1. Quick check on I91: is it within 30 Å of G246 (Cα to Cα), under 26 Å from the mean Cα position of the chain (by Cα), open to solvent by 10 Å² or more (accessible area, probe 1.4 Å) and not small (G, A, S)?
2. P567 - would you say it is open to solvent by 20 Å² or more (accessible area, probe 1.4 Å), closer than 24 Å to D296 by Cα and touching a residue at least 24 places away in the same chain (Cβ under 8 Å)?
3. V555 passes all but one of (1) among the aliphatic types (A, V, I, L, M); (2) assigned to a strand (DSSP E or B); (3) under 23 Å from V283 (Cβ atoms); which number fails?
4. With the requirement that a residue be closer than 30 Å to G232 by Cα, open to solvent by less than 70 Å² (accessible area, probe 1.4 Å) and at pLDDT 90 or above, what does the range 533-560 give you?
5. Residues of the range 508-549 being charged (D, E, K, R) and closer than 18 Å to S262 by Cα, which ones?
6. Taking L175 and the conditions (1) hydrophobic (A, V, I, L, M, F, W, C); (2) under 18 Å from H52 (Cβ atoms); (3) over 30 Å from the mean Cα position of the chain (by Cα), which numbered condition does it fall short on, given that it satisfies the others?
7. Specify the residue that is most open to solvent (accessible area, probe 1.4 Å); the eligible residues are those in the range 369-396 that are closer than 19 Å to A480 by Cα and among the β-branched types (V, I, T).
8. Going residue by residue through the range 476-483, is there one that turns out to be open to solvent by 30 Å² or more (accessible area, probe 1.4 Å), acidic (D, E) and at pLDDT 95 or above?
Amino acid sequence: MANNTLRHLIAAATCATAILSSCRSQAPEPVYPIPTADQIAWKQMESYAFVHFGLNSFTDKEWGYGNTDPELFNPTVGIDCEQWVKIFKEIGFKGVIITAKHHDGFCLWPTATTEYNITKSPWKDGKGDLVQELADACRKYGLKLGLYLSPWDRNNIHYGEPEYVDIYHEQIRELVTRYSPLFEFWFDGANGGDGWYGGLEGRRSIDAKTYYGYEEARKIICDVNPTAMIFGGECPTIRWVGNERGWAGDTQWSTFERGRGSHLDNQYGHEDGSEWLPSEVDVSVRPGWFYTAKTDNKVKSVDKLLDIWYRSVGHNSNLILNFPIASTGRIHPTDSARVTEWAEILRDDFSDNLLRQARVTADCSRGRRFSASKVTDSDSESYWSTPDGVNAGTLTFTFRKPVDVNRLLLQEYIQLGQRVRSFTIESMDADGEWSAVAAADTTSTVGFKRIVRFETVNAKAIRVRFNDARGPLCISNAEAYCAEERNWTEDSEIGTTLLVSLPKEKPEYLHRLSRLKEIHTFTYVPLKGSRHLITRYRLLVDGKIVSEGEFSNIVNNPVPQTVEFGPVKGREVTFIATSLAEGAERADISEFSVK
């Protein structure tokens with residue numbers, strides 16, 4: 001605390017000198033890299049829907065092999081894109097991205113590039129176009145449309161050969177030409193492996209960085225949709241957050257250096273990154289991306305969805321929340337009810353901005369044009385700023401009378417770059433004493449939006465100390481709220497093992513619990529940097545098989561794999577690797593746990 005006080009005294013002295021010497025109310029110089037206007041517009045969307053729907057929705061599979069009969073694509077009630085979009089609109093989402101083609105190769109639009117498409121299904125007697133119906137619904141209700149097109153195609157006989165790249169580019173051209181405008185185009189990271197490949201069952205390996213011709217793909221997209229963001233591939237304008245569990249790092253830089261570190265770096269960004277590449281958090285409302293009736297009772301709780309929102313939108317990231325469309329052709333009632341309740345709570349919690357009536361002061365400012373009042377004037381183009389050379393400062397919000405408060409929202413003017421490295425939040429009690437709040441979120445970076453949850457305090461004033469930044473502070477907005485208290489803790493693991501290496505000859509691991517317990521979930525965490533990955537598994541509890549399947553895309557996306565089953569009671573859990581990644585000489589496990 002003494003060091004902080006000294007730092008701010010020095011900053012105040014520096015500020016006074018800077019004001020006397022040079023403050024002519026000129027805007028500070030940008031701190032590079034900075035976002036484009038299109039990246040800013042995308043950031044302002046904050047949250048939107050993902051839709052996974054296709055042949056997998058009728059087969060209880062996450063990844064189709066490429067050999068499923070299109071005759072199975074036959075919704076029992078009827079596809080209702082307006083039902084989807086109305087739900088998204090009601091919960092406040094700004095857009096929706098649909099899986100126009102997943103890894104099985106089945107296309108949801110009438111394409112000339114492959115016979116494996118929606119015209120071969122019984123839906124609408126083969127005359128339907130699901131992408132067009134969704135585009136029409138988006139236009140009707142004012143939502144933006146985005147498209148996902150898997151580069152991998154487990155059905156196409158030419159996959160792995162130059163001919164397929166031409167086919168893939170033509171599919172992109174069809175989509176962007178017919179269904180524009182698009183706000184985002186998604187390239188998935190799954191590339192190569194086993195498949196049907198037109199009946200030639202086998203394995204196809206490719207170099208994802210060079211095979212797909214991503215630069216040409218980008219040109220095809222941008223020629224028609226110059227403002228669309230690109231996710232994935234080798235020419236992205238936004239980045240994957242590095243996990244599929246719904247969180248971005250507390251420290252979250254929109255600046256990034258591609259090729260540095262591992263996929264885990266995506267979760268936090270790089271302060272000294274050479275390009276502006278903001279993160280997008282992708283997560284599903286259910287354990288899987290595609291619908292299965294087995295998960296009807298496993299839709300994420302309201303508290304979990306709230307935590308995801310705080311740790312994505314509240315951590316300077318955009319949230320894309322997936323809805324597995326049911327085999328009826330509609331969003332399942334449980335899913336819609338859960339997200340509706342979630343959205344209502346968010347609206348209520350953020351309905352009364354306590355800072356609207358507060359008096360705001362700063363220990364230093366760049367001049368009247370950049371005064372402290374700019375953070376509460378509801379103008380996104382105005383901001384409080386400190387003079388050149390002053391990279392720390394304090395904002396104080398004084399209330400007319402003490403108020404209960406437990407949320408603080410901060411935003412930087414990112415048009416001039418992301419700056420804040422760390423800050424602290426303090427409250428003043430009835431006796432005039434200042435103390436730090438008990439925060440549930442790390443107070444490090446800010447960026448476009450940072451929301452900090454903390455234990456409720458009855459405050460006469462709230463003070464934000466910006467301790468360090470990459471340049472003069474540029475804070476465009478500050479808000480405070482008193483939200484309903486929630487339970488943020490997850491169910492804890494009841495058994496955890498760290499760092500295990502299983503021989504390729506017998507890759508089995510016996511996990512003994514301390515006593516007989518009911519379990520319903522296991523998590524396998526790959527060893528960071530290891531190529532010795534488990535791609536398929538079998539799980540036994542007390543000698544009985546309770547779950548088996550595939551860790552989809554783990555080679556390209558080696559993140560923790562969580563599988564739900566049961567629940568079952570038992571004491572001995574046997575985890576068996578039934579298949580390893582190509583070239584793996586053993587099975588490395590960083591962590592294995594059950595709960």
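1. yes
2. Against the criterion (open to solvent by 20 Å² or more (accessible area, probe 1.4 Å), closer than 24 Å to D296 by Cα and touching a residue at least 24 places away in the same chain (Cβ under 8 Å)), P567 qualifies.
3. Evaluating V555 over (1) among the aliphatic types (A, V, I, L, M); (2) assigned to a strand (DSSP E or B); (3) under 23 Å from V283 (Cβ atoms) leaves (2) as the failure.
4. Listed by number, the residues that qualify are L533, I534, T535, Y537, G549, E550, F551.
5. So the first thing to find is which residues in the range 508-549 are charged (D, E, K, R), and the list is 508, 512, 515, 517-518, 528, 531, 536, 538, 542, 544, 548.
Passing the criteria: K528, R531.
6. So L175 meets the others, but not (3).
7. Filtering the range 369-396 for residues that are closer than 19 Å to A480 by Cα and among the β-branched types (V, I, T), the one most open to solvent (accessible area, probe 1.4 Å) comes out as T376.
8. yes
The values are calculated or read from the model by the stated rules, or taken from the named source; none is laboratory data. Given the structure is predicted, the values throughout are model-derived calculations rather than measurements. Glycine also receives a Cβ, built like all others from the backbone with ideal geometry; neighbour counts cover every protein chain displayed. Just the protein is used for accessible areas: all its heavy atoms, side chains included, with ligands, DNA and RNA removed. Shrake-Rupley method; radii C 1.70, N 1.55, O 1.52, S 1.80 Å.
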